[in-house]
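First the structure, in the form of structure tokens, and then the observations on it.
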Amino acid sequence: MRCHDIHKSFGTGEAKVDVLRGIDFTAAMGGMTFLVGPSGCGKTTLISVIAGLLEATSGRVELFGTEVAALSSRDRILFRRKNLGFVFQQYNLLPSLSAAENAAVPLLAAGMPRKAALDKASQVLDRLGLGSRTKALPKILSGGQQQRVALARALVHEPRLVICDEPTAALDAESGHSVMELLSRTAVHPDRAVIVVSHDNRVFHFADRLAYMNDGSITKTEMQTAWSA
Ligand SMILES: Nc1ncnc2c1ncn2[C@@H]1O[C@H](COP(=O)(O)OP(=O)(O)O)[C@@H](O)[C@H]1O
Ligand SMILES: [Mg+2]
């Protein structure tokens, strides 16, 4: 994933705010890149641009050599569906669907038959330690368990880019740590880039690379371990 000189402004005239001010940012396959910085500095805006949920004012995002914004809207949706997994801070699970049905959503959206999709989703839930909870509705699961269902949904279709927006922010320290451990164990893959937005410095040691953001700019990047890119 490469961003070249991304600018994003909201509003016009007097009310115009420049939220992203020329971002160059890359995330390589085979590890986790953390994007960290204070609340309001533009992290969610940046990953929304990367995910194609928001259009940049200027600049370019390349995912695996494809400039997604240049695709037709139909191809863009298909590209995103196939290549992207997203984990939100507040899980965003569908309340009337079971854990397995929630986790199966990307497969069902891609047209996989229901039985096969639920089997695959159950396998992923099992890997995340939720094998016995596949039929449970979100409301009877703990926050950590709901976040693991959201993680299963982000991984089930084996996307090449996984983006997590503050995945531990709504969790206590212990469940936050266990979600990060599972994320680092299950999401990291030689053919996949993982971007984690966080301002929870208790989990920064899970990063392979850290990019610090402040007031719409990347101010510093740091490698933490040998990086296999
Ligand atoms: N749709 C929007 N319209 C106007 N301002 C916005 C919009 N979305 C975000 N912002 C502003 O952009 C800044 C960065 O927000 P955000 O990307 O959510 O920061 P972070 O995720 O780092 O906390 C904030 O000042 C926020 O108020
Ligand atoms: Mg945010």
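Restricting attention to the chain, close to 50% of DSSP beta bridges with both partner residues there are antiparallel. Based on DSSP H segments of at least four residues, each scored -39500 (n - 2.57), the chain has a per-residue ellipticity at 222 nm of -9500 deg cm²/dmol. Coupling constants for the stretch 30-38 follow from the phi torsions by the Karplus curve (6.51 cos²θ - 1.76 cosθ + 1.60, θ = phi - 60°), and in residue order they are x, x, 10, 9, 9, 10, 10, x, x Hz; glycine and proline get x. Helix 173-186 and the longest principal axis of the C-alpha atoms of the chain enclose an angle of approximately 90°.
Only Cα pairs under 8 Å and at least 6 apart count here; give the relative contact order of the chain as a rounded whole percent. Once normalised by length, the contact order is 30 percent. Charges were assigned to the Cβ only: +1 to each Lys and Arg, -1 to each Asp and Glu. The resulting dipole of the stretch 84-169 about its Cα centre is roughly 240 debye.
For the stretch 1-72 versus the stretch 105-132, the inter-centroid distance based on Cα atoms is 31 Å.
Under a 1.4 Å probe, what is the accessible area of the chain per residue, stated in Å²?
Computed with neighbouring chains in place, this is 48 Å² per residue.
Considering only alpha-carbon pairs that sit under 8 angstrom and 6 or more positions apart, the relative contact order computed for the stretch 13-75 is 22 percent. Of the peptides 158-165, 80-87, 69-76, 171-178, the order by per-residue mean of other Cβ atoms within 10 Å, starting with the highest, comes out as 158-165, 80-87, 171-178, 69-76.
Each residue of the stretch 6-67 gets 91 Å³ once the volume of the Cα convex hull is shared out per residue. For the chain, modelled as a GNM whose springs connect Cα atoms under 10 angstrom apart, the maximal fluctuation among ALA169, ALA27, ALA100 occurs at ALA169.
The rule of thumb for compact globular proteins, 2.2 N^0.38 Å, goes into the C-alpha radius of gyration of the stretch 37-139 1.28 times. To put it simply, the accessible area of the chain at a 1.4 Å probe is 50 percent carbon and sulfur. The alpha-carbon of LYS135 sits under 30 angstrom from the alpha-carbons of these lysines, leaving out residues fewer than 8 places away in its chain: LYS82, LYS115, LYS120.
Would you kindly give the portion of the calculated P(r) for the stretch 113-228 that falls above 19 Å, as a percent of all Cα pairs?
The calculated P(r) of the stretch 113-228 puts 50 percent of pairs beyond 19 Å.
Considering all C-alpha pairs of the chain, those separated by over 22 Å amount to 52%. Bridging of LYS8 to lysines at a Cα separation below 22 Å is possible for LYS16, LYS43, LYS220, once same-chain residues fewer than 8 apart are set aside.
The residues neighbouring ARG2, those whose beta-carbon lies less than 14 Å from its own, together hold a net charge of -1 under the Lys/Arg +1, Asp/Glu -1 convention.
The values are calculated or read from the model by the stated rules, or taken from the named source; none is laboratory data. The structure presented is a predicted model; accordingly, all values stated were derived computationally and were not measured. Here Cβ is always computed from backbone atoms with ideal geometry, including for glycine, and neighbour counts include all displayed protein chains. Quick note on the areas: whole protein, heavy atoms, side chains included, nothing else; ligands and nucleic acids left out. Shrake-Rupley method; radii C 1.70, N 1.55, O 1.52, S 1.80 Å.
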